[in-house]
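Colleague: Starting off with a structure, shown below.
We did not get these values from a lab; they are worked out from the coordinates using the rules stated. Owing to the predicted nature of the structure, the values given are computational and were not obtained by experimental measurement. Positions of Cβ are backbone-derived with ideal geometry, glycine not excepted, and every protein chain shown enters the neighbour counts.
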């Protein structure tokens with residue numbers, strides 16, 4: 001058995017969870033039908049009335065929602081509560097097209113804070129802990145979510161935001177931070193900086209809650225070794241609430257979805273057909289407790305697998321794997337599906353840090369894949385033949401993993417820009433070469 005923030009919900013029987021979901025879904029469908037014109041029009045077109053949705057078994061009858069819908073309805077089109085009842089917005093860090101803006105009532109924020117509190121308690125957090133939040137604050141959901149969750153638990157909260165690494169490390173040592181919350185790439189950077197300054201023995205961290213970008217098991221172990229902590233995954237997205245949609249427990253065999261607030265489905269990304277447990281597909285969420293910005297069957301574009309297998313931690317909520325890639329950021333190079341996580345796995349297995357960039361170009365109608373990789377200080381050498389041999393070794397390892405040839409360029413330590421938010425892993429220049 002483990003640590004729970006709300007044991008009566010986190011360890012509820014499957015029957016209890018299903019009863020909560022049924023009741024909340026029925027109420028939510030009526031709420032959006034009455035208050036969101038887009039959903040009313042779509043349901044009318046499909047010949048569906050709110051009373052046709054009697055339980056979770058009817059979920060598949062409802063229309064999907066996509067990121068394009070959110071952009072088309074910007075800013076107020078999907079608002080399901082009067083603006084005067086809303087107390088906050090958050091917005092995505094996306095760079096393409098119009099931003100996505102999500103609205104929250106105070107009730108929505110309270111529930112979001114509880115979801116993040118569950119995640120903090122699951123990694124061993126108590127009111128005795130010092131929670132060091134280095135996710136970005138402001139419009140980005142990361143900082144606000146873990147900040148609110150830490151307050152609910154009663155922990156001392158350090159609202160650091162990202163950047164200013166010297167200050168981060170000073171507060172970490174002076175105030176005895178015990179739980180670090182940030183992106184995995186920033187955790188790796190902090191670990192590197194702490195070790196360079198020789199301050200590892202002055203750090204009191206025991207756990208890290210890392211999310212907002214894809215990371216591999218190899219990267220997890222690398223961060224754990226360098227910081228002497230246990231690193232846990234957390235998942236969320238602005239459109240559904242922010243971090244805390246799901247989180248890892250001590251078993252670390254997937255992330256428990258907070259099913260009393262979000263109903264997950266996995267679908268075939270091409271046909272939209274709902275897939276059974278254990279099958280890989282696109283993750284879809286329906287918000288059943290949100291008031292201001294409730295989305296029905298939102299397509300996340302994240303590829304994952306759901307499992308209802310019993311968890312040794314005692315939680316009964318369904319688990320999702322960490323995203324295995326995205327149906328929209330998957331690169332198709334020379335007709336082959338390439339995920340950045342595959343490249344990261346090869347690099348970490350070969351002893352490189354997770355500092356790399358993938359650059360795709362098109363020359364004479366042919367795709368070209370280049371991977372720029374930072375050498376660690378120990379590997380760094382001025383000997384050209386050493387570097388060439390290392391590059392050839394990586395070319396062969398990437399060919400074995402991807403099935404296609406990639407140019408590899410090893411670069412000096414610290415030459416790839418560090419990210420304080422989400423790491424920019426892929427630069428696809430092909431559209432510049434197309435007519």
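Colleague: Among 376, 216, 321, which one shows the highest mean-square fluctuation when the chain is modelled as a Gaussian network with alpha-carbon springs under 10 Å?
Modeller: Ranking 376, 216, 321 by mean-square fluctuation puts 376 first.
Colleague: Any chance you could check the Cα centroid distance between region 30-68 and region 171-215 for me, in angstrom?
Modeller: 44 Å
Colleague: Based only on the alpha carbon positions, what is the Kirkwood hydrodynamic radius of region 1-155, in angstrom? Intermediate values should be presented prior to the final figure.
Modeller: Numbers: mean 1/r = 0.0558 Å⁻¹.
By the Kirkwood definition, the hydrodynamic radius is 17.9 Å.
Colleague: Any chance you could give the angle, 0 to 90 degrees and rounded to 10, that helix 14-35 forms with the longest Cα principal axis of the chain?
Modeller: On a 0 to 90 degree scale, this one is about 80.
Colleague: Right, next: Quick one: order 132, 151, 31 by neighbouring beta-carbon count within 10 Å, fewest to most. It would help to have the intermediate numbers written out before the result.
Modeller: Numbers: 132 27, 151 15, 31 19.
With the fewest neighbours first, 132, 151, 31 line up as 151, 31, 132.
Colleague: Please determine, in degrees from 0 to 90 and to the nearest 10, the orientation of helix 141-153 with respect to the longest principal axis defined by the Cα atoms of the chain, where the helix direction is its Cα long axis.
Modeller: Value to nearest ten degrees: 70.
Colleague: When the helices in the chain are scored as -39500 (n - 2.57) per DSSP H run of 4 or longer and the sum is shared across all residues, what 222 nm value do you end up with, to the nearest 500 deg cm²/dmol? Numbers along the way, then the final one.
Modeller: Values: 12 runs with 138 residues, N = 435.
It lands at -9500 deg cm²/dmol.
Colleague: Considering the chain as a Gaussian network with a 10 Å cut-off on Cα pairs, which listed residue, 358, 332, 343, attains the greatest mean-square fluctuation?
Modeller: 332
Colleague: Using a 10 Å cut-off around each Cβ, can you sort 112, 215 from fewest to most neighbouring Cβ atoms? Display every interim value, and only then the final one.
Modeller: On the way: 112 30, 215 26.
Ranked by crowding around the Cβ, least crowded first: 215, 112.
Colleague: Angle, helix 340-349 long axis vs. longest principal axis of the chain, Cα atoms, 0 to 90°, nearest 10?
Modeller: Relative to the chain, helix 340-349 is tipped by roughly 40 degrees.
Colleague: Compare 412, 80, 214 in a GNM of the chain, Cα atoms joined below 10 Å, and give the one with the largest fluctuation.
Modeller: 412
Colleague: Okay, moving on. Using 5 Å bins from zero, what percent of all Cα-Cα pairs in region 248-382 falls into each bin?
Modeller: Reading upward from the zero bin: 2, 9, 14, 15, 15, 14, 13, 9, 6, 3, 1, 0.
Colleague: Arrange the following residues from fewest to most other Cβ atoms within 10 Å of their Cβ: 43, 401. Spell out each step's value before the answer.
Modeller: Details: 43 21, 401 15.
Ascending number of Cβ neighbours within 10 Å: 401, 43.
Colleague: Rg and Dmax of the chain, using alpha carbons, in Å: what are they?
Modeller: 22.4, 73
Colleague: Using only C-alpha positions, report the orientation-averaged shadow area of the convex hull of region 191-231, nm², one decimal.
Modeller: Numbers: hull surface 11.8 nm².
Answer in nm², one decimal: 3.0.
Colleague: Also: Mind checking the log10 I(q)/I(0) for region 248-318 at q = 0.13, 0.21, 0.24 Å⁻¹? Debye, one equal scatterer per Cα, no solvent, two decimals.
Modeller: -0.40, -0.94, -1.10
Colleague: While we're on this one: Computed over the Cα atoms of region 331-433, what is the ratio Rg over Rh, Rh following Kirkwood?
Modeller: Details: Rg = 13.6 Å, Rh = 14.2 Å.
That ratio equals 0.96.
Colleague: What share of the DSSP beta bridges in region 331-433 is antiparallel, in percent to the nearest 5? Mind showing how you got there, number by number?
Modeller: Working: 11 of 19 bridges.
Taking every DSSP beta bridge with both residues in region 331-433, the antiparallel ones total about 60 percent.
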